[in-house]
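Some notes on the structure that comes next.
The values are calculated or read from the model by the stated rules, or taken from the named source; none is laboratory data. Quantities reported herein were computed from a predicted structural model and do not represent experimental measurements. Counting neighbours? That spans all protein chains shown, and the Cβs are built from the backbone with ideal geometry, glycine included.
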Amino acid sequence: MGLSNLIFALSLGIAGFIFGRNVLRIKRNIQIGVDIDRFDRPSLRWKTMARVALGQSKMTVRPIAAFLHALVYVGFVVINIEVLEIIIDGLFGTHRVFSFLGGLYDFLIGSFEILAFLVLVACVIFAIRRNVLQIKRFVMKEMDGWPKTDANLILVFEILLMSAFLLLQSSDLHLQNLGVDHYVQAGSYPISSWFLPLFSSMDIQTVYLFERGLWWFHIIGILVFLNYLPYSKHFHIILAFPNTYFSNLDAKGSFTNMASVTQEVKIMMDPNADPYAVPDGGVEEESLQRFGAKDVNDLNWVQLMNAYSCSECGRCTSECPANQTGKLLSPRKIMMDTRDRLEEYSTNITANGPESKDGLSLLDDYISREELWACTSCNACTQACPLNIDPLSIIIDMRRYLVMEESAAPTELNSMFNNVENNGAPWQFPALDRLKWRDE
């Protein structure tokens, strides 16, 4: 094993270690959430993951974006086979270690090149849509600053990596044609052969250095890209699968009830129940449970995973009727704020201990009450999300906190609550007067 192989192995090990540490950090952050059982109906969950994450079935609502995204997605998956060969070559000093596959290898290399070219074209189109066409969902206020930069950085990453891959292939092909030792005759080059004239005037040593430089740029670029993912919205590449697997399978519009409140209501409705009776197990001090959610640690772990899975595509916001009518609410911002607050919350408890408080919360410091009460709870955002993310569940839990902990509902709702309490119905008329309209 030569010096270059040792450097490569060290680079690969360091990149793998850093990536693994960041994945564990995100896993720990997700586990801050309240426990919830999402392990039921495994068969249906596998089918949902295969259909939504692998098959990208919800992307097809917007066919142009779906086609371009499919190119990038398929290219990302398939070209990784070539990355596997590059890693083996880098570790053991071989060159095109899979060339023994013969005709199949030629087909694979040709397919990789075509896909790389299509990915490059798709990324250029995505960049034009985002920065030139100024599509509304890409230029909303919450996309200012880092979110816009993050989206463009990924596109630049992809364009550079695909360009480097094609030029690497072309320089390799040129060295093959010259019969240079170590460069075995293998592969099919339908795209990179276009660039052969670039090397015709170069001497062998220059082309060799060019090829080696591109090889290192390509593989180091991939390792940098890998370690950028945990800090980017593009971590959805990995989280899309568990996020759809653990998504809510119940009918949209079906809301959860708090077990403690449900038990109290059952006791109230049961004429034979003794509200003062001691439980069979004796008197136990119950841990205080907050009604609803004020901060990220009040949300469940699936909701926190949703926040990390959000790709900030804005489909939810573009479908939101409240947002369309000029209200402050943006479901995408709800998810972005949840993720940002979770990172801040995690940083604080890591530095100062799990009981440390930083004086901030998701409610008010990130998400305003105006945003929460603008929601019509129509579930358009959940239906539109390509990854089955559920912004509405976070909104409802935060509303629940406002109503049950702070009694801070809007006036219209407070009037309805009072009517239910006093009249047994949301209307202001007592039960005896409800049918008087038929005598008028």
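Considering every residue within region 124-144, establish whether at least one is in contact (Cβ under 8 Å) with a residue 24 or more places away in the chain, over 30 Å from the mean Cα position of the chain (by Cα) and within 22 Å of Phe195 (Cα to Cα). Checked region 124-144: no residue is in contact (Cβ under 8 Å) with a residue 24 or more places away in the chain, over 30 Å from the mean Cα position of the chain (by Cα) and within 22 Å of Phe195 (Cα to Cα). Checked across region 77-86, the condition of being without any contact (Cβ under 8 Å) to a residue 12 or more places away in the chain, acidic (Asp, Glu) and outside any loop (DSSP other than H, G, I, E, B) holds for no residue.
The residue pairs whose first member lies in region 149-177 and is outside the structural domain of Ala116 (by TED's automatic domain parsing), whose second member is in a helix (DSSP H, G or I), and whose beta carbons are closer than 6 Å, counting only pairs six or more residues apart or on different chains, do not exist in this structure. Looking at His236, is it touching a residue at least 24 places away in the same chain (Cβ under 8 Å), buried (at least 16 other Cβ atoms within 10 Å of the Cβ) and under 22 Å from Val119 (Cα atoms)? Taking the combined requirement at face value, the residue satisfies it.
Inside region 1-57, residues that are hydroxyl-bearing (Ser, Thr, Tyr) and either closer than 19 Å to Val296 by Cβ or loosely packed, with under 15 Cβ neighbours inside 10 Å (or both) make up a count of 3. Here is a list: Gly281, Gly213, Gly221. Which entry is at pLDDT below 90 and either more than 30 Å from Met59 (Cβ to Cβ) or surrounded by 10 or more Cβ atoms within 10 Å (Cβ to Cβ) (or both)? Testing whether each residue is at pLDDT below 90 and either more than 30 Å from Met59 (Cβ to Cβ) or surrounded by 10 or more Cβ atoms within 10 Å (Cβ to Cβ) (or both) leaves just Gly281. The set of residues in region 364-391 that are in contact with a helix residue (DSSP H, G or I) (Cβ under 6 Å, 6 or more places away or on another chain), closer than 21 Å to Ile32 by Cβ and not hydroxyl-bearing (Ser, Thr, Tyr) comprises Ile367, Leu387, Ile389, Asp390, Pro391. Taking region 297-332 as the range and being of a type in the set (D, E, K, R), in contact with a Cys (Cβ under 9 Å, 6 or more places away or on another chain) and in a loop (DSSP other than H, G, I, E, B) as the test, only Lys327 passes.
Here Leu435 meets the list (1) within 30 Å of Leu249 (Cα to Cα); (2) not assigned by TED's automatic domain parsing to the domain that holds Val302; (3) not basic (Lys, Arg) almost entirely, failing just condition (1). Scanning region 341-392 for residues that are within 24 Å of Ser318 (Cβ to Cβ) and polar (S, T, N, Q) turns up Ser368, Thr376, Ser377, Asn379, Thr382, Gln383, Asn388. When residues in region 41-70 are screened for being touching a residue at least 24 places away in the same chain (Cβ under 8 Å) and either under 30 Å from Phe8 (Cβ atoms) or not in a helix (DSSP H, G or I) (or both), 3 of them pass. Name the single residue, out of those in region 407-440 being under 24 Å from Ser330 (Cα atoms) and of a type outside the set (S, T, N, Q), that is surrounded by the most Cβ atoms within 10 Å (Cβ to Cβ). Looking at the filtered set, the residue picked out is Ala409. Just wondering, is there one or more residues in region 45-52 that are closer than 19 Å to Leu223 by Cβ and among the β-branched types (Val, Ile, Thr)? Within region 45-52, none of the residues are closer than 19 Å to Leu223 by Cβ and among the β-branched types (Val, Ile, Thr).
Does Ser192 qualify as being touching a residue at least 40 places away in the same chain (Cβ under 8 Å) and either in the same structural domain as Phe112 (by TED's automatic domain parsing) or more than 22 Å from the chain's Cα centre (by Cα) (or both)? Considered against the rule, which asks whether it is touching a residue at least 40 places away in the same chain (Cβ under 8 Å) and either in the same structural domain as Phe112 (by TED's automatic domain parsing) or more than 22 Å from the chain's Cα centre (by Cα) (or both), Ser192 comes out as yes.
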